[in-house]
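K.L.:
Below: one structure in structure tokens.
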Amino acid sequence: LANPWFSMRGTVMSFAGIALLGDTLVCLLFNLSLLPLSVLPLLIGEEKEQGTVPALLRAGVTPAAFLGSKALTALIVELFCSFLICLINGVTAQIGLCLLCNLLAALTLLPIGGLVGILAKDKNTVNVYSSFPVFFMMLAPIFFFLGSPLQTIKKFFPSTLLTEVLQPVFLGAMPVMSDLILASLVTAAWIAAGWTVFFLVFRRHGLKIA
């Protein structure tokens, strides 16, 4: 006969593992929300507030290079924090896939953070403007734990690769092919729309220095 103690112990360990993987995913979602949408515009807003942007432009730094350096900094920090989250939570076997999904998801949010940085005149304005997209992205972890039909909303968030691809992989399963295709299409649509709007606004307003 099976020992009930080992059966119960295995069930508890299984639930503990699921909880740990859920915590990992939520941490990744929060990290994805904060770095591109808050840190990136703050990097731009700080330069504007200190008045160093005109000096950089006179020194030969182009507006595109200025924004690109800030976006690259935010992206590197986001990926490094994602790496640490997986490492600390013991999700080492899926680090490569995790970083790839985070990279693609971050590319959907970087143009939004860049727009906030362009339109804001200082760090205080950045905090006001960025609160709206950050709040929008913070809804993803909430919908992640809700049941159907609200749970389907998360499939159309920029973080869909994390919730639809990483979640089953973390649990030792393969993503559903239809979910994988939908997540890829949604991500591609966010990237295309976000960067198109960003370049249109940037072409019209530049860095918008007061």
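K.L.:
Using 0.36 nm per residue, how much length does the chain from Arg58 to Ile142 gain when fully extended, once their Cα-Cα distance is taken away?
P.N.:
Extra length from Arg58 to Ile142 when fully extended: 25.6 nm.
K.L.:
Next question, about the same structure. Roughly how much of Val61 is accessible, in Å² to the nearest 10, using a 1.4 Å probe?
P.N.:
50
K.L.:
Could you list the residues of segment 52-88 with an amide nitrogen less than 16 Å from a label point located 7 Å from the Cα of Arg203 in the Cα-to-C-beta direction?
P.N.:
64
K.L.:
Okay, next question. Please compute the net charge surrounding Thr163, taking Lys and Arg as +1 and Asp and Glu as -1 over other residues with Cβ under 13 Å from its Cβ.
P.N.:
So the surrounding residues net to 0.
K.L.:
Determine the share of segment 149-192's accessible area contributed by carbon and sulfur atoms, expressed in whole percent, with a 1.4 angstrom probe.
P.N.:
Carbon-and-sulfur percentage of accessible area, whole number: 78.
K.L.:
What number comes out for the charge environment of Ile118, summing +1 per Lys or Arg and -1 per Asp or Glu over other residues with Cβ under 15 Å away?
P.N.:
+3
K.L.:
Further question on the same structure: Within segment 45-89, which chymotrypsin sites (Phe, Trp or Tyr not before Pro) sit in a loop by DSSP and count at most 12 neighbouring Cβ atoms inside 10 Å?
P.N.:
Sparse-neighbourhood loop chymotrypsin sites (Phe, Trp or Tyr not before Pro): none present.
K.L.:
Sticking with this one: Modelling each spin label as a point 7 Å along the Cα-to-Cβ direction, I'd like the Leu97/Leu171 distance in nm, to one decimal.
P.N.:
Roughly 1.3 nm, to one decimal.
K.L.:
Using 0.36 nm per residue of separation minus the Cα-Cα distance, give me the extension gain between Asn124 and Ser69 in nm, one decimal.
P.N.:
Taking 0.36 nm per residue and subtracting the Cα distance, the gain is 17.6 nm.
K.L.:
What ranking of Leu171, Leu75, Leu40 comes out by heavy-atom accessible area, probe 1.4 Å, highest first?
P.N.:
Leu171, Leu75, Leu40
K.L.:
Same structure again: Mind listing the phi-derived Karplus ³J(HN,Hα) values for segment 170-176, rounded to whole Hz, using 6.51, -1.76 and 1.60 with θ = phi - 60°, and x for any glycine or proline?
P.N.:
4, 8, x, 10, 8, x, 5
The values are calculated or read from the model by the stated rules, or taken from the named source; none is laboratory data. None of these values were measured; they are calculated from a predicted model. Methodologically, a virtual Cβ is constructed for each residue, glycine included, from the backbone with ideal geometry; neighbour enumeration extends over all protein chains shown. Ligands, DNA and RNA are excluded from the accessible area calculation, which covers all protein heavy atoms including side chains. Shrake-Rupley method; radii C 1.70, N 1.55, O 1.52, S 1.80 Å.
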